[in-house]
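Derivation of every value follows stated rules applied to the coordinates shown; laboratory data play no part. Computed from a predicted structure; not experimentally measured. All Cβ positions, glycine included, derive from the backbone under ideal geometry; neighbour counts span all protein chains shown.
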Amino acid sequence: MVRSHCAVFISLQIFFSSLAAASVPVAVGEGLQGVIGYSDGKLHGSLAPLYECIFDRADIQPQFIQVPLKRGLGYLHSGEVSMVLPLAQSERRDRIGEFAGELFSADYVFVSNRQLPPISETSGLKYGLPRSFVGEQFITDENPRIEEVTEWSQLVAMLHYDRLDAVVLPALLVEDLFGPDVVKVFQQTAGTLPVSLYLSRANLDSEDVGKIKRAVRSCRAGDLVSELR
């Protein structure tokens, strides 16, 4: 009887160990309001169904942590997480991890408290950006003045108190950040970038990477992407 109990106990240990081993650490950018977030054991926000689609079709059990964007990229570089989402593609990020392929395209905008001339033709403005944000590539000023912040919400306050001339934001995030005051701000198109997630080349083998990329293509082809537009 004792041996039988021991055998069952060992089997359960192996079973739960295999479940734990199957979980994949995934960093989720924080401060993205109703767009994407993590709480109570699951993703929420308008982008959540898209990323849940990827994990389901790739048969991955994600273990989420929510961190600032810059820290998430640092964790990816050090191998502390295997994926970071949501991230637009950039050359700098391509050196840190493997882009999983375009899941959807995102528009980016310059937001200001007053009507500005075309920003692409204007110099001397002071811009606000979150640290490690791709928005800097849309600024064409040769010697831009840029204030970097940790949280997206800080940009709203700094713009309100005229500490910045303009901020660069994903268009999806503007209404969530500004709330009712969104009608008081001015927006100019900055550009469009492919968005998906970045993968750790150190933590994931080629088979896993291929499986995730196929899942991205499959989820991109569904109705979930069209619902974002």
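Odds and ends about this structure:
- Neighbour-count order for 158, 83, fewest beta carbons within 10 angstrom listed first: 158, 83
- Helical segments meeting 27 Å axial Cα length and Kyte-Doolittle -0.5 threshold in the chain (DSSP H): 2-22
- Amide H contacts of residue 100: 197, 199, each under 5 Å away and 5 or more positions distant or on a separate chain (H built 1.01 Å from N in the peptide plane; Pro and chain starts excluded).
- For region 106-192, the fraction of alpha-carbon pairs in successive 10 Å shells from zero, as %: 18, 59, 22, 0
- Sorted on the mean count of surrounding Cβ atoms within 10 Å across their residues, most packed first, peptides 178-189, 161-172, 39-50 read 161-172, 39-50, 178-189.
- Its DSSP H runs of at least 4 residues, each contributing -39,500 (n - 2.57), put the calculated 222 nm mean residue ellipticity of the chain at -11000 deg cm²/dmol, to the nearest 500.
- Share antiparallel - DSSP beta bridges, the chain, percent rounded to 5: 55
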